[in-house]
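**Q** Please read through the structure below; I'll follow up with questions.
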Amino acid sequence: MPLTQDEIKELHKKSREIRKQIVEITYSAGGGHIGGSLSQTDVLVALYYKYLNIDPSRAHWEDRDRMILSKGHGGIGWAAILGDKGYFDKTLLKDFNKTGSPFGMHLDSLKVPGCDASTGSLGHGLAIAIGLALGARLKGKNWHTYVMLGDGECCEGSVWEAATIGAHHKLDNLTGFVDRNKLMIDGPTEEITTLEPLEEKFRIFGWESLRIDGHDFAQIGDAIEKAQTIKGKPTMIICDTIKGKCVDFMENDYKWHYGGINSDMVDTAMKSIDSYYQNILG
Amino acid sequence: MAEGMTWSIEEADKLTQAEIYGDVLCQLGDKYPDLVAITADLAKSTKIGRFGQKFPDRFFNVGIAENTMFGMAAGLAQAGLRPVVSTFAVFTALRSAEQVRTDICYQNLDVKIIATHAGISFGQAGTTHHCTEDIAITRSFANMTVIVPADGIETGNAVVAAMEWPGPVYIRIGRGFEPHVHTTQDYGFEIGKAETINDGNDITIICCGVTVLHAVRAAKVLEKEGLRVRVINMHTIKPIDKDAILKAVEETKRIVTVEEHNVFGGLGSAVGEVIVESGKACAFKKLGLQDIYSIVGYPEDLYNYYKIDSDGIVETISEMMGKKIEEDEDWEDET
Ligand SMILES: Cc1ncc(C[n+]2csc(CCOP(=O)(O)OP(=O)(O)O)c2C)c(N)n1
């Protein structure tokens with residue numbers, strides 16, 4: 001069933017909260033991967049607040065849906081959501097990056113409940129997700145595996161090796177997302193290594209391939225629901241997003257892949273987030 | 001440094017290792033028209049991008065594709081160019097180990113690799129980005145030369161020297177925010193020749209990379225307690241300077257190695273191999289990560305936590321000096 005207007009409104013409110021927390025953590029941590037954390041937020045919010053079958057009080061519940069953040073540097077944004085869902089005491093996030101903290105830039109599955117794979121080295125997550133999806137089938141389990149990739153990450157050969165195998169095994173219990181914000185560290189993806197046509201590439205590799213606006217909850221919801229109905233192959237959803245989304249001075253600027261912000265910038269960022277949601281929520 | 005090989009950068013002591021590397025590479029670009037530089041979406045972080053700004057036609061950013069990058073470097077070298085490659089240490093020595101070993105080292109190709117963010121210098125990034133295995137891995141590749149410069153100035157020297165050194169070279173640097181050990185570049189850097197930074201006959205610290213700074217500081221502290229500590233900067237792990245090690249065994253009979261690396265397979269192991277093969281008695285201790293993965297944190301805190309900073313070195317040496325060492329009476333006959 002498509003998301004209702006009320007649901008979409010609630011998801012926007014949640015995204016606003018998470019984006020603000022991303023700004024706060026980036027400030028208190030002394031820097032962070034803020035651009036990609038902001039671009040991935042809406043898709044992750046839709047998953048965590050609507051679609052994932054999870055129980056934060058039982059992080060290791062065997063039947064839970066799995067969610068692998070293959071672009072592990074989105075850790076700040078992911079941690080904000082996991083904390084809000086109650087996987088851990090979210091006041092711990094003020095120690096992000098501090099010596100001895102369980103939270104470093106890339107979330108660690110041995111230290112952070114809700115994190116199922118210690119990602120950060122790009123190009124690992126899709127293979128892990130395929131193992132989890134295959135494992136569910138072998139064990140007769142119904143969990144669904146979700147994985148989010150960076151677009152720059154799709155330069156890695158291992159992504160395409162995994163894509164080949166995922167299609168070979170017809171893993172229809174696997175749904176991937178590419179956070180297609182069109183930027184990596186050194187600049188625009190298409191100036192460094194041409195990735196397009198990304199949707200077509202996954203299709204040729206044997207996947208159901210969809211392309212959506214990754215900030216439009218109606219489209220996100222439809223795509224996730226469609227993926228659940230596809231049989232005999234995994235689905236990849238290419239999400240067109242904006243790196244730095246909602247913070248106007250960061251949007252579409254690759255220099256904000258990673259950065260530190262001072263308190264003035266925090267204020268400006270918060271205002272920018274508020275005005276974005278003012279337009280949407282009224 | 002061999003004659004005619006120089007670099008010059010103003011106020012080099014204020015720059016990080018990577019910044020000096022990037023600037024020196026630009027200077028080398030003028031000298032070697034066949035020098036090509038490659039990175040994998042880390043042009044800015046590793047500073048190899050400075051070469052790219054100056055020589056865009058000889059610079060290739062392959063995107064986030066390390067294995068392909070090292071394979072390409074092998075092909076470029078076979079085609080007669082001089083590839084210089086940079087990414088983080090973990091993606092060089094771990095992810096692309098096989099490309100580096102089979103495509104580059106086995107063919108003994110002239111590829112120079114400058115790997116950054118090594119050890120636990122990128123402390124807040126966690127285990128996926130730490131690299132405390134690369135010395136062990138790269139030194140186990142036949143034909144590979146392994147250099148761990150102590151600071152930015154030594155990095156400049158090492159990069160220049162590597163260009164004239166045959167075969168593949170792995171230069172390991174950290175983030176390099178620490179103060180420099182060297183004040184001038186003319187201290188006689190030579191690949192394979194250790195540098196004695198502080199002389200003394202009570203005990204020897206053999207160190208590399210960022211731990212050289214800490215060893216020098218520790219030696220100063222211990223000097224106040226009346227200990228004369230020899231500090232050997234073993235910037236070249238392979239080929240290792242056996243003479244410097246054996247001299248230290250003979251003259252100081254106590255050796256402690258310090259490295260930002262697992263104690264298995266790195267500098268300490270390399271030094272230990274030389275000592276054991278010599279058959280000489282020596283009190284020996286390896287400081288480093290004791291076969292564990294590092295916690296998250298600021299590098300300076302982590303160096304302290306893992307006892308590879310000056311506090312840890314002082315503590316270890318104080319313990320070692322308290323222990324009696326059996327004299328080997330036949331020493332003279334055996335050497
Ligand atoms: C194997 C590997 N190589 C390099 C890096 C360094 N790195 C961290 S983030 C990043 C860029 C990622 O770009 P993208 O996947 O597009 O992510 P996003 O734009 O969503 O932040 C790079 C190269 C890494 N983490 N892993």
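**Q** So for each of B:90-98, A:193-201 I average, over its residues, the number of other beta carbons within 10 Å; can you give me the resulting order with the highest mean first?
**A** B:90-98, A:193-201
**Q** Here's something else I'd like to know. Positive end of the charge dipole of the protein assembly as shown (Lys, Arg +1 and Asp, Glu -1 on Cβ, about the Cα centre): tell me which of A:ALA129, B:ALA93, B:ALA74 has its Cα farthest that way.
**A** Of the listed residues, the answer is A:ALA129.
**Q** Say R0 is 35 Å: what FRET efficiency, to the nearest 0.05, do B:VAL221 and B:SER140 get from their beta-carbon distance?
**A** So the FRET efficiency works out to roughly 0.50.
**Q** Which whole number in µm²/s is D for segment B:114-256 by Stokes-Einstein, with the Kirkwood Rh taken over Cα pairs at 20 °C and 1.002 mPa s?
**A** 137
**Q** What's the local net charge at B:LYS193, with K and R +1, D and E -1, over the other residues with C-beta under 10 Å away?
**A** On the way: positive: none; negative: B:GLU190, B:GLU195, B:ASP241, B:ASP243.
Taking every other residue near B:LYS193 into account, the sum is -4.
**Q** Starting from the Cα of B:LYS286, draw a straight line to each of the lysines and keep only those under 23 Å, dropping any in the same chain fewer than 8 residues away.
**A** Cross-link targets: B:LYS193, B:LYS220, B:LYS238, B:LYS242, B:LYS247, B:LYS253, B:LYS307, B:LYS323, B:LYS324.
**Q** Give me the net charge of B:ALA65's neighbourhood, meaning all other residues with Cβ under 9 Å from the Cβ of B:ALA65; Lys, Arg count +1, Asp, Glu -1. Can you show the working numbers first?
**A** Working: positive: none; negative: A:GLU156, B:ASP41, B:GLU66.
With Lys, Arg at +1 and Asp, Glu at -1, the net is -3.
**Q** Of all chymotrypsin sites (Phe, Trp or Tyr not before Pro) in segment A:77-125, which ones are in loop regions per DSSP and have a Cβ with at most 16 other Cβ atoms within 10 Å?
**A** Sparse-neighbourhood loop chymotrypsin sites (Phe, Trp or Tyr not before Pro): none present.
**Q** Regarding the protein assembly as shown, what's the average projected area of the Cα-atom convex hull, expressed in nm²? Walk me through the numbers on the way to the answer.
**A** Details: hull surface 119.6 nm².
The directionally averaged projection comes out at 29.9 nm².
**Q** Restricting the count to DSSP beta bridges whose residues both fall in segment A:5-281, what percent are antiparallel, rounded to a multiple of 5?
**A** 10
**Q** I would also like to ask the following. Leaving out same-chain residues fewer than 8 places away, which lysines sit with a Cα under 21 Å from that of B:LYS44?
**A** Answer for B:LYS44, where 21 Å is the Cα cut-off: A:LYS71, A:LYS182, A:LYS243, A:LYS255, B:LYS14, B:LYS54, B:LYS112, listed by chain and number.
**Q** For the Cα atoms of chain A, what angle does the longest principal axis make with the long axis of helix A:5-28, in degrees from 0 to 90, nearest 10?
**A** 60
**Q** Would you calculate the convex hull of the Cα atoms in chain A and tell me its volume per residue in Å³?
**A** Enclosed volume per residue, from the Cα hull, is 116 Å³.
**Q** Quick one: which residues, 5 or more positions from B:PHE284 or on another chain, have an amide H under 5 Å from its amide H? H modelled 1.01 Å from N in the peptide plane, none for Pro or chain starts.
**A** Here the answer is B:ILE255, since their amide H atoms fall under 5 Å of that of B:PHE284.
**Q** Mind listing, in residue-number order, the residues in segment B:103-135 that have at least 50 Å² less accessible area with every protein chain present than in their own chain alone (1.4 Å probe)?
**A** Those residues are B:GLN124, B:THR128.
**Q** Restricting to the protein assembly as shown, compute how many DSSP beta bridges are antiparallel as a %, nearest 5.
**A** Bridges in the protein assembly as shown that DSSP calls antiparallel: roughly 15 percent.
**Q** With only alpha-carbon pairs counted, each pair once and no self-pairs, how large is the Kirkwood hydrodynamic radius of segment A:93-243 in angstroms?
**A** About 16.3 Å for segment A:93-243.
**Q** Something else about it: Can you tell me the mean projection area, over all orientations, of the convex hull of chain B's alpha carbons? Units nm², please.
**A** 16.3
**Q** Share of Cα-Cα pairs in segment B:195-320 beyond 20 Å, in percent?
**A** Roughly 36 percent, rounded to a whole number.
**Q** Here's a follow-up. Looking at segment B:9-172, send over the antiparallel percent of its DSSP beta bridges, to the nearest 5. Intermediate values should be presented prior to the final figure.
**A** Working: 1 of 21 bridges.
In segment B:9-172, approximately 5 percent of DSSP beta bridges are antiparallel ones.
**Q** Students often forget the sequence filter, so: which aspartates and glutamates lie under 13 Å Cα-Cα from A:LYS233 once same-chain residues fewer than 8 apart are removed?
**A** A:ASP172, A:GLU208
**Q** Next question. Can you tell me the equivalent ellipsoid semi-axes for segment A:1-160? Use √(5λ) from the Cα gyration tensor, largest first, whole Å. Working shown, then result.
**A** Values: eigenvalues 105, 78, 53 Å².
They are 23, 20, 16 Å, listed largest first.
**Q** What are the equivalent ellipsoid semi-axes of segment B:36-76, built from the alpha-carbon gyration tensor (square roots of five times its eigenvalues), in whole angstrom, biggest first?
**A** 16, 12, 7
**Q** Another one. State to the nearest 20 debye the size of the charge dipole of chain A about its Cα centre, where the only charges are +1 on K and R beta carbons and -1 on D and E beta carbons.
**A** 740
**Q** When you look at the Cβ of every residue in A:95-105, what mean number of other chain Cβ atoms sits within 10 Å?
**A** 6
**Q** OK, next. Does segment B:9-172 come out rounded, prolate or oblate by the C-alpha gyration tensor, with a ≥ b ≥ c the root eigenvalues, rounded set by a/c under 1.5 and, if not, prolate when a/b is larger than b/c and oblate if not?
**A** In terms of gyration-tensor shape, rounded.
The values are calculated or read from the model by the stated rules, or taken from the named source; none is laboratory data. Please read all numbers here as calculations on a predicted model, not as lab measurements. Using ideal geometry, Cβ is built from the backbone for each residue, glycine included, and neighbour counts are taken over all protein chains shown. Just so you know, the surface numbers come from the protein's heavy atoms only, side chains and all, with ligands and any DNA or RNA stripped out. Shrake-Rupley method; radii C 1.70, N 1.55, O 1.52, S 1.80 Å.
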